[in-house]
Structures are given as C-alpha cells and as structure tokens.
Amino acid sequence: MSPRLPLSLALALASIWHRRGILSLVTLTLTLSIMLLLGIQYLRTEVRQSFTSTIAGTDLIVGARSGQLNLLLYSVFHIGDATNNIRWTSYQQLRDDPRIDWLVPLSLGDSYRGFRVVGTDQGMPEHFRYGDDQSLALAQGRWFDDLFDVVLGAGVARRFQHRLGDELVLAHGGGSTSFLRHDQTPFTVSGILAPTGTPVDRAVYISLAGLEAIHIGWESGVPLPGRTVSADVARQRDLSPKAITAALVGIERKVLTFQVQRQINQFQGEPLTAILPGVALSELWRLMGQFERTLLGITGFVVITSLIGLTAVLLTLQVHRRQEIAILRATGASPLLIARLYLIECGLLAMLSCVLAVALGAGLLALLGPWLLEQYGLQIRLRALDRMEWLILASVPLAAMAVALIPALRGWWQGRRPQFGTASTE
C-alpha cells in the first residue's frame, strides 16, 4: 500500500487544485516577485565578484591627477575618459625607479566599432593578471610584434567574427560611432586572446608606436589636410610616444607600496595620482551599497505586496467556501483543522513560487550570461545559492504563513459558528 498523505495536506492540495485557475495567477505574480528579489541579490554578488577579479597582482595604478574611482574605471574597466595624460618623460622616470619592478603603459582614446583601443607594450601579457592570478593567454596567433599588428579581445573577435589576418581600420575617439577614421593605416589581426570574463575581452590591443603612427598629421583630434601619411611612410618616422593615459605598476617589495604611492602623488614633474586597486574598489562598493540596499528593499516590498494579494484572494474565496466548511464540520473537522488548511495552502503556494523562481531565474541567466559577457564584460556564472540567498528563499514561505493568519483566523471563527445547519460532532 502506498503511504497516505496527512488529512490536512491532502485537503489543502485538493482545494488548491479545485481553484487552480485564480491561484495560478497569484502564484505567477509571487514567482516573478521572488525571482526579482533573488535575482538582484544574486547579480549584486556576481557583479562584485566579476569586478574584483578584473585585476590582480597590480600594486598601483598611476594616472593624471583625478579621483581614484575615475582612474580605476577608465584604466581598468574602460568606463569614462581620462582628465589628462601622463608625459612620456614622467613615465620614464617612474620606470627608472629601482623600487618599481615593472610598469605596463596604457594609452587610450581610440576605438574600433564601439570597443576601446588600448595602446600598450609587451609587458601587458607578461605582467597583467586577473582572477586568481591568471595571466593573459592567446587562443590564436601571437602578441603584436609589427607596427600595424592588432590583438583582439575574445568578445571583439566573437562579435565581428574576426580571424587571423583580417584587416581592420580604427576610429578616432572612444564613442560607438565615429566619423573620423584612420583609413590610411589599417591593422592586421595577429592574435586573439582567450576569454577572461573581464573588460579585456572587450578591448583591442596595439603597440604604443602603432598608436603614434595613426595619429601622424592629426592635431586636436582632427586630421590636417595633406599631413596624414600612409603606413609605409609612418614606418620611417620617429614613433616614440609623447604621452600615455595611465600605467599599471608592480612593486617587488610590497612593504614599499605606500611609500611609492605617496611619492608619486607628490611627483614634482606634473600632477599625478597613484591608487591602490583594492582601495578604489572598496570605495566603489561603498558608493553602490546604499543603492543596492534601496533596491533590495523595494523588491522586498514587491514580494510582500504579492503575499498580501494572495491573502486578499484567499479572503475573497472564503465567501465561496461556506458550503465546503459546512461539509468539513459535518464530517468531524475541527475549527483548528479548517484554520490550518489556509496556512498550508499559503505555504504550499509560496514554496511552489520559490521553486519556479529558482528554475526560471537559472534559465534566464543561462540565456543572458553570454550577452552580458559580450556587451558588458561581466561574467555571471550559474552556481549554487549562497547562505544569504537561501535565507531569502526560506523567508518567503514563512512570510506567507504569517500573512495567511488573517484568513486562517477568519476560517477558524467560521468553523466555530453554529449556523452550518448541522450538529457539531465535537
């Protein structure tokens, strides 16, 4: 014999199935509310992890005098623009500092079909780290070694279906649309980076000399008529950089990091700012914390509103359940059992909504994950729920049981009233 369900659970399931039409709409509303609340908590955790894993092993980031958050955003995340550049002579002085182990120059300002162009050198694949101290790896080809070689991030190559040997023309300015293009100096794809799940995937890398070459004959961001040159002529020119946008700094003796930072911030040659990436990220989370808490509060209120809607539906259905309650009382059901039915129904619907919310959320994340990685460089992975997310899920059935006390007490009171036309069996 198959085990039988407890009477109260069996009655609750039968009641839900009998009213499945109206209750399915309420369940859908509650499911969407839970998915929104859980999704925001899940995404804020994953976004923090994605941002934190963007850069590792870099002790300082140096740029022109500005706020540390602005410097972090434009140099690492390619968001926003620099307030000024660093003179090449200043970079050389930093490079000659015996306390500094390595520097990676970064020169920004151009774009390729909406993606940032980063001028750098061979130190980028050698010293740049992300995630758990992972280095950049090439999926195909080699790092640039010719003046007009270009290395593509994985997202750029995937977006435009580029392959090794393809020619592409860079545009002046960092916008998604530019009418000023470097048509006379096309670049050839020499390498494609392996995916990293960071903004590296959404960038295009060329040499500092290549960046200088495409700007010969340009002044104030505009090409001067008759002054621009072809690629062959550019190779004959002196292509030493005049300025860069920022530099990543590695210090061999970590105990000297604060000393070097202080001296760079007091640099006599020009106003510079040196920041600690971890400290700048902490400031970013501090600024976003208030917004995150507000957003969670709003979505929590949406869930509560959905639960109140469920309670309102159960109260409305009570008017149509007088005959059902009368039959239950006639067959010996106690008022407590009738009250318990409402609590069980609410709890079951809330748990069903939680299961549906997790399933729908996982499916939506699987669909949107590649798009988020390609468009924003954010790697949002599917993982097991953490402690906070389980607490959010567990709180929903408990809250549903709490708001169900109103129809439960009303049902208990109706069960005690003698106007059912039958004698009580108690």
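The values are calculated or read from the model by the stated rules, or taken from the named source; none is laboratory data. Here the structure is a predicted model, which means the values were calculated and not measured. In this analysis, Cβ positions are derived from the backbone assuming ideal geometry, glycine residues included, and neighbour counts consider all displayed protein chains.
The table for this structure:
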item: Elements of type helices (runs of 4 or more DSSP H) contained in the range 207-288, each with 3 or more residues being outside the structural domain of Arg142 (by TED's automatic domain parsing), hydroxyl-bearing (Ser, Thr, Tyr) and exposed (fewer than 15 other Cβ atoms within 10 Å of the Cβ); result: none
item: Test: residue in the range 119-135 that is on the phi > 0 side of the Ramachandran plot and either of a type in the set (Gly, Ala, Ser) or surrounded by 14 or more Cβ atoms within 10 Å (Cβ to Cβ) (or both); result: yes
item: Test: residue in the range 174-190 that is polar (S, T, N, Q), in contact with an Asp or Glu (Cβ under 9 Å, 6 or more places away or on another chain) and at pLDDT 85 or above; result: yes
item: Selection status of Pro223, over 27 Å from the mean Cα position of the chain (by Cα) and farther than 17 Å from Asp145 by Cβ; result: yes
item: Any hit, the range 332-352, residues being surrounded by fewer than 17 Cβ atoms within 10 Å (Cβ to Cβ) and at pLDDT 80 or above; result: yes
item: Subset of the range 135-152 that is aliphatic (A, V, I, L, M) and closer than 18 Å to His215 by Cβ - its residue that is modelled with the highest pLDDT; result: Val150
item: So Tyr91, is it in contact (Cβ under 8 Å) with a residue 24 or more places away in the chain, part of a helix (DSSP H, G or I) and outside the structural domain of Leu365 (by TED's automatic domain parsing); result: yes
item: Within the range 7-45, tally of residues that are over 25 Å from Gly300 (Cβ atoms), in contact with a helix residue (DSSP H, G or I) (Cβ under 6 Å, 6 or more places away or on another chain) and at pLDDT 75 or above; result: 0
item: Some residue of the range 269-278 being more than 21 Å from Tyr91 (Cβ to Cβ) and not acidic (Asp, Glu); result: yes
item: Test result for Ile22, outside the structural domain of Ile86 (by TED's automatic domain parsing), in contact (Cβ under 8 Å) with a residue 12 or more places away in the chain and surrounded by fewer than 17 Cβ atoms within 10 Å (Cβ to Cβ); result: yes
item: Cβ pairs under 9 Å, 6+ apart, first in the range 254-279 and on the phi < 0 side of the Ramachandran plot, second among the charged types (D, E, K, R) and part of a helix (DSSP H, G or I); result: Ala274/Arg262
item: Sole exception among (1) out of contact with any Pro (no Cβ under 7 Å at 6 or more places or on another chain); (2) assigned by TED's automatic domain parsing to the domain that holds Gly191; (3) modelled with pLDDT of 85 or more for Arg65, by number; result: (1)
item: Positions within the range 389-422 being aromatic (Phe, Trp, Tyr) and modelled with pLDDT of 70 or more, in sequence order; result: Trp390
